[in-house]
Structures are given as structure tokens and as C-alpha cells.
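Below you'll find the structure, written out as C-alpha cells, and then a few comments.
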Ligand code: NAD
């Protein structure tokens with residue numbers, strides 16, 4: 001079985017790589033041949049020679065690599081041109097942004113590719129070591145706090161000096177999922193006073209165990225959907241939260257927003273008026289910038305100054321820490337690959353929840369109802 005490691009588009013800011021040499025070595029089996037697209041590890045500071053030492057062969061010609069593989073491993077969704085290079089019947093494992101770009105999924109199905117979407121790994125304890133959304137969200141949460149601290153014209157920790165006492169910074173984290181909890185932990189380590197809010201009441205104890213205060217708002221409606229994800233809340237509940245949140249936002253030096261609802265535009269939690277209510281010099285880091293942003297004035301991919309408040313809208317923070325992001329993602333993808341392969345071939349037991357949920361195209365079929373709906377195709381297959 002030929003397993004190819006793709007080179008990401010480093011020029012446009014994707015520095016991660018799907019597999020690292022240590023895992024090439026660990027995955028080694030007599031009939032597995034690892035092929036590396038030349039310079040694939042460059043963005044993560046891994047020279048081709050390290051992959052060669054681990055047993056991989058380097059292929060300089062992109063078309064040759066992509067068109068001669070059984071399984072292709074990638075981080076970011078492939079381009080249309082790349083998909084057109086893949087041989088019929090081959091397997092692709094990558095983030096695929098299925099709800100954001102359903103046309104790509106259609107192309108993969110039309111090209112008879114068996115595609116596994118890393119976004120769709122179930123959030124269960126059995127699949128935890130394959131959960132790339134979590135491994136990458138943790139990195140984003142950590143880095144968001146560092147960006148916030150670097151942009152804030154103040155200290156984070158309390159300092160007692162001969163020249164006077166410095167009061168600690170106040171950080172407000174909105175959305176306490178994987179990224180939010182890591183942001184809370186990081187801000188606490190830097191010595192800030194931290195508050196957090198989430199519409200899922202179950203996270204209260206996790207927030208408190210990290211030393212932050214949980215802002216409780218009774219929304220009067222069910223906020224948890226299948227799989228423990230948040231539901232989109234009603235306009236009335238949104239208004240109710242905004243009234244309470246306005247005060248907390250105004251009192252914060254740094255606001256980190258991470259709120260997302262799968263498949264939907266991110267909810268607006270910080271309006272332009274709320275930003276205007278913050279002290280000049282304050283900072284907002286909006287981790288939902290890719291999904292439209294939690295802050296009304298966020299400009300995705302840019303740092304802007306709005307009424308004296310710095311609003312940062314990063315779109316790919318994991319890629320800004322490529323060494324550890326690649327290490328963790330590689331572990332996720334290697335675990336999935338080992339799980340999928342039986343008798344030297346990809347096993348498609350659709351009774352298995354990990355395979356059923358993650359495999360998005362097979363034998364010319366799109367296997368996700370939500371993608372089919374987005375494409376205006378009716379469906380019988382359930383994902
Ligand atoms: P996410 O990225 O989808 O959303 C981030 C957070 O935003 C969530 O905590 C969500 O509740 C919150 N949110 C959504 N709308 C909001 C609003 N209007 N106001 C405030 N907050 C809002 O979430 P995630 O980090 O991917 O985690 C999703 C779920 O999956 C969680 O329940 C998490 O505990 C669970 N999870 C389970 C496992 C596992 O069991 N292996 C692993 C990872 C995550």
C-alpha cells in the first residue's frame with residue numbers, strides 16, 4: 001500500500017504537515033510504502049532527510065506523487081487540481097471543510113475517491129486520540145491568549161514593585177469548549193483574573209476547576225444538541241445574554257471569543273456597541289473569525305483598531321505553531337490510519353461509528369445528508 005504525505009500550500013500560510021518522521025517509523029509495515037511530496041515538512045522545520053531516515057521516499061514531482069498513491073494524507077482541504085490528480089478508488093484523509101465547501105465533496109465523490117474528513121471524527125472517548133478538532137483547538141486557545149497578551153499595553157499578572165503595584169489583567173473567555181478551556185488555563189498561568197461564559201451549563205465545573213469564574217445566565221431553553229455540541233440559541237435568548245455580557249465585556253482588558261455552532265455561522269456575542277464600551281487599549285481575539293466571527297467588527301485574517309480597541313481575527317492559529325500542531329495532528333491521522341487498515345487495505349465497515357461518521361465519500365456516493373442538503377441533492381444515506 002502506497003501512503004503519500006502531501007506538501008501543504010506553505011506559500012499561503014499552511015505550515016503544518018500531515019505526518020511526521022517519528023510516526024512514519026512507528027507505522028512501518030512490510031507492505032506499506034511511504035512517499036513524501038518534496039519539502040512537505042518545510043513549514044514545520046522537518047527536512048526531507050528526516051523522512052528518508054524514517055523509511056520514506058521523496059517524490060519531487062507533485063503530479064507523480066498524487067497520481068500514484070493508494071492513500072493520501074493531508075492537513076488542509078486539497079485544491080480542485082489536486083483532487084483531479086488522485087487515482088480513482090484511492091483514499092484521502094484530511095480536513096475537508098465539508099459544510100463550508102460541499103462542492104469539493106461532490107468532486108471527490110465524482111472522482112470515486114474514498115474520503116475521510118478529519119472534522120467528522122466523533123467526539124467520543126474511543127475516538128479521542130484521532131480527534132484533530134480538539135488537538136488543533138487546544139493550540140488555537142493557547143496562542144489566542146499569547147496574541148491577546150502581546151497586544152495589550154498592560155501586564156497580565158499582578159506585580160508588586162518598588163514603583164507601585166500593578167493590578168492583574170482581566171480576561172473574559174466566551175465559549176468554553178476545547179479552545180476556550182485552554183485559553184482559560186493559559187490566561188490563568190500568565191496571572192490574569194479570568195471569567196468565562198458558555199451556553200452549555202455543563203462546562204461550569206470545568207471552568208471553575210481551572211480557577212476562573214463562570215458567568216451564569218439562565219437562558220430558559222435547551223442549549224445542547226447531539227454529541228454535546230451547542231445548539232443555535234433563539235433571538236430572545238441571544239438578547240438576554242447580550243444584556244449581561246455587555247457589562248462583563250466592558251470590564252475586561254482582553255476578550256477571547258471561541259463560540260461556534262457546527263455547520264452554522266458563528267453567533268455574534270460582541271456587537272460593535274459593546275466594543276465601543278470597552279476601554280481604549282483593550283483587545284479582542286476572535287477565534288471564530290473563519291465562521292463569520294463572534295465579534296461584529298472582526299475582519300478575518302486582520303488586526304484592526306476599532307475605537308481604540310484592537311480586534312484580532314486569526315484564521316489559522318494552529319499553523320502558527322506548526323511543530324506541535326503537526327506532531328499532534330500526525331498522531332491523530334496515524335491512529336485513524338491504523339484503525340482503518342485491515343489486511344493491508346482500507347476497511348469500510350460502516351457499522352463502526354468512527355468509519356461511518358468520518359467517511360464522507362465512497363464509490364461515487366456522498367455519505368453525508370447535510371452535505372447533500374447543502375448541494376440540493378436528496379439522500380438516503382445517513383451520516
Ligand atoms: P465548538 O468549537 O463547537 O464551540 C466552542 C464553544 O462555544 C462550545 O463550548 C459551545 O458550547 C460554545 N458556544 C456555542 N454557542 C455559544 C453562544 N451563543 N454563547 C456562548 N458559547 C457558545 O466546541 P468544541 O470545543 O469543539 O466542543 C464541542 C463539544 O464536544 C463539547 O461538548 C466538548 O466537551 C465535546 N468534546 C468531547 C470530546 C470527547 O469526548 N472526546 C472531545 C472534544 C470535545
Neighbour-count order for 373, 361, fewest beta carbons within 10 angstrom listed first: 373, 361
From DSSP H assignment alone, runs of 4+ in the chain each adding -39500 (n - 2.57), the sum over residues rounded to the nearest 500 puts [θ] at 222 nm at -9500 deg cm²/dmol
Using alpha-carbon coordinates, inclination of helix 132-151 to the longest axis of the chain, degrees: 40
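Within region 139-315, what percent of beta bridges assigned by DSSP are antiparallel, to the nearest 5?
30
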If I model a spin label as a point 7 Å beyond the Cα along the Cα-Cβ vector, how far apart are those points for residue 42 and residue 204 in nm? 5.3
Ordering of 204-216, 167-179 by packing [mean C-beta count within 10 Å, highest first]: 167-179, 204-216
Rounding to the nearest 10 and keeping the result within 0 to 90°, find how far the Cα-based axis of helix 178-189 lies from the longest principal axis of the chain. 50
Return a whole-number percent for the relative contact order of the chain, with Cα pairs under 8 Å and 6 or more residues apart as the contact set. 18
Which FRET efficiency value, to the nearest 0.05, is calculated for residue 349 and residue 307 with the Förster distance at 51 angstrom and r the Cβ-Cβ distance? 0.35
Highest to lowest packing among 75-85, 234-244, 292-302, 328-338, scored as the average C-beta count within 10 Å: 328-338, 292-302, 75-85, 234-244
Helix 322-340 sits off the longest principal axis of the Cα atoms of the chain, rounded to the nearest 10 on a 0 to 90 degree scale, by 50
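Suppose the chain between residue 369 and residue 49 were pulled fully straight at 0.36 nm per residue; how much longer would it get relative to their current alpha carbon spacing? Don't jump to the answer; show the numbers that get you there.
On the way: separation 320, 0.36 × 320 = 115.20 nm, distance 4.33 nm.
Stretched fully, the residue 369-residue 49 segment lengthens by 110.9 nm.
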Restricting to bridges with both residues inside the chain, how much of the DSSP beta-bridge set is antiparallel, in percent to the nearest 5? 30
Expected sort for 32, 66 with the fewest Cβ neighbours (10 Å cutoff) up front is 32, 66
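Where a number appears in this text, it was derived from the coordinates with a stated rule and is not lab data. A quick note: this is a predicted structure, and the numbers were derived from the prediction, not measured. FYI the Cβ positions are ideal-geometry reconstructions off the backbone, even for glycines, and counts take in every protein chain you see.
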